[in-house]
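A short worksheet on the structure shown next.
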Amino acid sequence: MTSDDDEYVYDEATGEWRPASELAAEAAAKNAARDASGNVLADGDAVVLIKDLKVKGAGQTLKQGTVIRSIRLTDNPEEIDCRHDAIKGLVLRTEFVRKR
């Protein structure tokens, strides 16, 4: 939806003039954190590990199917910050999780 007073910007990729709000929404969607299945992740979501992961420095392995609750998004859309009972300060790559 665009209004008459919406600012238009030239999109070099398509060669068209498009509403600035539409381009901003597309840019935000591209930078969204996504799980291994392509689902958009948000703060507070619960995720499930899709493979066994060895945790460096902790000497532990997180098993496939482990549920991680209350994730937090980071500045990097490919990483999430989370907590596990035995591991504090855990950062996981989004390619190894699936939204629950």
Review point. Where residues in the range 1-54 are outside any helix (DSSP H, G or I) and among the polar types (S, T, N, Q), which of them is surrounded by the most Cβ atoms within 10 Å (Cβ to Cβ)?
Key: ASN39
Review point. Between residues in the range 21-47 that are without any contact (Cβ under 8 Å) to a residue 60 or more places away in the chain and residues that are assigned to a helix (DSSP H, G or I) and aliphatic (A, V, I, L, M), which pairs lie under 9 Å by C-beta distance while being six or more apart or on different chains?
Key: VAL40/ALA29
Practice item. Identify, from the list THR66, THR61, the residue that is under 22 Å from LEU90 (Cα atoms), out of contact with any Lys or Arg (no Cβ under 8 Å at 6 or more places or on another chain), of a type outside the set (Gly, Ala, Ser) and modelled with pLDDT of 90 or more. Key: THR66
Review point. Which of (1) in contact with an Asp or Glu (Cβ under 9 Å, 6 or more places away or on another chain); (2) modelled with pLDDT of 95 or more does LEU49 not meet, given it meets every other one?
Key: (1)
Study note, to complete from the structure: Flagged in the range 55-100 as outside any loop (DSSP other than H, G, I, E, B), without any contact (Cβ under 8 Å) to a residue 60 or more places away in the chain and of a type in the set (S, T, N, Q), in numbering order, are GLN60, THR61
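The values are calculated or read from the model by the stated rules, or taken from the named source; none is laboratory data. All of these numbers come straight from a predicted model, not from anything done at the bench. Positions of Cβ are backbone-derived with ideal geometry, glycine not excepted, and every protein chain shown enters the neighbour counts.
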